[in-house]
1. Give me a count of the residues in segment 40-51 that are assigned to a helix (DSSP H, G or I) and without any contact (Cβ under 8 Å) to a residue 40 or more places away in the chain.
2. Checking Ser64 against (1) within 20 Å of the chain's Cα centre (by Cα); (2) at pLDDT below 95; (3) among the small types (Gly, Ala, Ser); (4) surrounded by 14 or more Cβ atoms within 10 Å (Cβ to Cβ), which single condition isn't satisfied?
3. Has segment 264-278 got any residue that is out of contact with any Pro (no Cβ under 9 Å at 6 or more places or on another chain), outside the structural domain of Arg194 (by TED's automatic domain parsing), surrounded by fewer than 20 Cβ atoms within 10 Å (Cβ to Cβ) and in contact (Cβ under 8 Å) with a residue 24 or more places away in the chain?
4. Among the residues of segment 40-57, are any of a type in the set (Gly, Ala, Ser), over 19 Å from Ala89 (Cα atoms), crowded, with 16+ Cβ neighbours inside 10 Å and not assigned by TED's automatic domain parsing to the domain that holds Gly230?
5. Can you find a residue in segment 136-152 that is under 21 Å from Gln6 (Cα atoms) and either free of Cβ contacts under 8 Å to residues at least 12 places away in the same chain or assigned to a loop (DSSP other than H, G, I, E, B) (or both)?
6. Give just the number: which of (1) in contact (Cβ under 8 Å) with a residue 60 or more places away in the chain; (2) farther than 17 Å from Ile275 by Cβ does Asp186 not satisfy?
7. Could you give every pair whose Cβ atoms fall below 6 Å, whose first residue belongs to segment 203-219 and is closer than 24 Å to Phe168 by Cα, and whose second residue is of a type in the set (Gly, Ala, Ser) and not in a helix (DSSP H, G or I), counting only separations of at least 6 or pairs across chains?
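The values are calculated or read from the model by the stated rules, or taken from the named source; none is laboratory data. Note that the coordinates shown come from a computational prediction; the quantities given were computed from them, not determined experimentally. Neighbour counts are summed over all protein chains in view; Cβ atoms, including those assigned to glycine, are modelled from backbone coordinates with ideal geometry.
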Amino acid sequence: MLSPQQLTIWRKQAADRLLILINRTTGDEIQPGDYKIDDLLRSLTNLPARPSDREPFKGMFPNSPISAGRVQVANRLKQLIINLRESGAQDGLVDDLLRSLSNLPPRPSDRPPYAGIFAEAKIPKITVQQILEIAPYADATRVAELLPHLQLTMAGYQITTPLRQSHFLAQLAHESGSFNYLEEIDPGDYLEGRTDLGNTELGDGRRFKGRGLIQITGRTNYGTCGQDLGIDLLKNPARLSDNDLACLSAGWFWQKNQLNELADRNDVELITRTINGGLNGYADRQEFLAVAKEVLLA
């Protein structure tokens, strides 16, 4: 039986793949796939079927040329697919479009959506007890709440070897005060006016202070992270401190900065510099890492 975690990972992969496939089509001439793309967007947003005499995307983006409509539809579909909650017919429609645009044969009736397109992810068997051994000052209830999201994050961002997991959890343990804080304690006034972080509007310092298990900071980073996770974090920045996005945003940062490769090389110093910008708390990070290796590599 397909697990909810596997389905979530496949949806993210499907959304990313469709974004690439749709954006590969250029020009303002209507392509056969445009009709199917339009149909899927209407289905996922509960809009009526496109009138037969209307070009694709014109009902949703009436003043945009076809090429611009594709871009807008691709971005919108990514958000919608990532945020699907109920499994069923809608996943089948996404699968159908993905196969059509990829020139793949139809999905066999006995296989769930996305199976055969993407490989099954290996869900890490990390336990609450193991995390508490790594970070003994963590709150057990908080760790239990975070655990399924940590497992999903590690599976989705290929943090799947014990060495990668050791580095990931060690850095998270330091950054979050042993998983006890999902947002920066400081109100964020010191970030006001930090144009290098994209903080150009009044109140951006507090609005976009550090949140998540690896603290995402600043308007620019919130926008980029939110776009990739399918959530508008510019409109709802506090969402980043919820359990799911606190974990997923850490995975997003980890992948974006290619930290799996550094973990494979056991380069804790460069991982620390990438996350911190320097070596603040380096000794503490090393201690967490040493214990994590004992727990996970034994």
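1. Looking only at that region, the number is 2.
2. Looking at each condition in turn, Ser64 falls short on (1).
3. At the first step, the residues of segment 264-278 found to be out of contact with any Pro (no Cβ under 9 Å at 6 or more places or on another chain) are 264-278.
Adding the requirement that they be outside the structural domain of Arg194 (by TED's automatic domain parsing) leaves 264-278.
Filter once more, so that each one left must be surrounded by fewer than 20 Cβ atoms within 10 Å (Cβ to Cβ): 264-267, 269-270, 273-274, 276-278.
Now restrict to residues that are in contact (Cβ under 8 Å) with a residue 24 or more places away in the chain: 264, 266.
The answer is yes, given that some residue of segment 264-278 is out of contact with any Pro (no Cβ under 9 Å at 6 or more places or on another chain), outside the structural domain of Arg194 (by TED's automatic domain parsing), surrounded by fewer than 20 Cβ atoms within 10 Å (Cβ to Cβ) and in contact (Cβ under 8 Å) with a residue 24 or more places away in the chain.
4. So the first thing to find is which residues in segment 40-57 are of a type in the set (Gly, Ala, Ser), and the list is 43, 49, 52.
Narrowing the set further to residues that are over 19 Å from Ala89 (Cα atoms) leaves 52.
From the residues that got through so far, the ones that are crowded, with 16+ Cβ neighbours inside 10 Å too are none.
No, the conditions are met nowhere in segment 40-57.
5. Scanning segment 136-152 turns up no residue that is under 21 Å from Gln6 (Cα atoms) and either free of Cβ contacts under 8 Å to residues at least 12 places away in the same chain or assigned to a loop (DSSP other than H, G, I, E, B) (or both).
6. In the conditions (1) in contact (Cβ under 8 Å) with a residue 60 or more places away in the chain; (2) farther than 17 Å from Ile275 by Cβ, Asp186 misses (1) alone.
7. That search, which allows pairs on different chains as well, returns Phe208/Gly218; Lys209/Gly188; Leu213/Ser176; Thr217/Gly210; Gly218/Gly198.
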